[in-house]
Amino acid sequence: PSSFAEDVAHYADAGCDALEVWLTKLENHLDKHSAADTRKLLADRGMTLAAAAYQGGLLLSQGEQRKAHYDHFRKRLDLCQQFGIKTMVVVADFVDKIDETALNRAIVSLTQAAQWAAGFDVTLALEFRGKNTFCASLDTAIAMVQTCGEPNVGVNLDVFHYYTGPSKFEDFAHLTVDRLAHVQIADL
């Protein structure tokens, strides 16, 4: 429930010099504060923004919904560029079930999103979510990233989702260092 400014203060007070920013908090902060003031806040506390979380709606949306998600994505990529954020976490869309057509659409969409992000010098970190019906495990995220083939797309390894979902230890055999984009640690 804390604000962006409170997060910056709390992380700095705890001895951290970087944080993964919740994009909505940064957007809300920028409604009332300039980008220059925000950069000063970060500099004064010795903080950098290591990653941005998160963007959804990119992989399966269609029509007007897709346009709205991609417009929002472009604005967030601009924020990443303005604040030197090199990694953005992307989550798979929520669906009841996935078929081959939707899976192919998701791969094409991830590829397009990566190409956009490359223009902003941003790496996309695809997050799997253990309870989802689509992209619920580490092996699925690895397969999507590899099939996408863009150099600025990797896996977001969220330890919580790894342990609470269907992922297996053997999945790590397929995760290479160059495809590990970001790690989120949970206190399980």
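The values are calculated or read from the model by the stated rules, or taken from the named source; none is laboratory data. Just so it is clear, the model here is predicted, and its values are computed rather than measured. Neighbour counts run over all protein chains shown; Cβ positions are idealised from the backbone, glycine included. Keep in mind that these areas ignore ligands, DNA and RNA; they rest on the heavy atoms of the full protein, side chains included. Shrake-Rupley method; radii C 1.70, N 1.55, O 1.52, S 1.80 Å.
Key figures for this structure:
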read-out	value
In segment 133-151, the residues that are open to solvent by 30 Å² or more (accessible area, probe 1.4 Å) and at negative phi	133, 139, 140, 143, 146, 147, 150, 151
Cβ pairs under 7 Å, 6+ apart, first in segment 50-64 and open to solvent by 10 Å² or more (accessible area, probe 1.4 Å), second charged (D, E, K, R) and at pLDDT 90 or above	50/20; 54/127; 60/105
Residue in segment 152-175 that is under 18 Å from residue 60 (Cβ atoms), acidic (Asp, Glu) and either exposed (fewer than 14 other Cβ atoms within 10 Å of the Cβ) or within 14 Å of the chain's Cα centre (by Cα) (or both) present	no
Test result for residue 83, of a type in the set (Phe, Trp, Tyr), open to solvent by 20 Å² or more (accessible area, probe 1.4 Å) and modelled with pLDDT of 95 or more	yes
Verdict on residue 9 being without any contact (Cβ under 8 Å) to a residue 40 or more places away in the chain and exposed (fewer than 13 other Cβ atoms within 10 Å of the Cβ)	no
Residue 102 vs. criteria farther than 30 Å from residue 41 by Cα, small (Gly, Ala, Ser) and surrounded by fewer than 21 Cβ atoms within 10 Å (Cβ to Cβ)	yes
Residues of segment 72-108 satisfying the condition of being of a type in the set (S, T, N, Q) and within 24 Å of residue 27 (Cα to Cα)	81, 82, 87
Unique residue being in a loop (DSSP other than H, G, I, E, B), without any contact (Cβ under 8 Å) to a residue 60 or more places away in the chain and open to solvent by 60 Å² or more (accessible area, probe 1.4 Å) when the list is 178, 121	121
Some residue of segment 163-179 being more than 21 Å from residue 66 (Cβ to Cβ) and of a type in the set (Lys, Arg)	yes
Test: residue in segment 70-85 that is in contact (Cβ under 8 Å) with a residue 12 or more places away in the chain and farther than 20 Å from residue 118 by Cα	no
Residue identified as under 14 Å from the mean Cα position of the chain (by Cα), over 18 Å from residue 95 (Cβ atoms) and open to solvent by 60 Å² or more (accessible area, probe 1.4 Å) among 74, 39, 45	74
Criterion violated by residue 156 - all others in (1) under 17 Å from residue 109 (Cβ atoms); (2) touching an Asp or Glu at 6+ places or on another chain (Cβ under 8 Å); (3) assigned to a helix (DSSP H, G or I) satisfied	(3)
Among residues of segment 139-155, those that are within 19 Å of residue 96 (Cα to Cα) and hydrophobic (A, V, I, L, M, F, W, C), counted	2
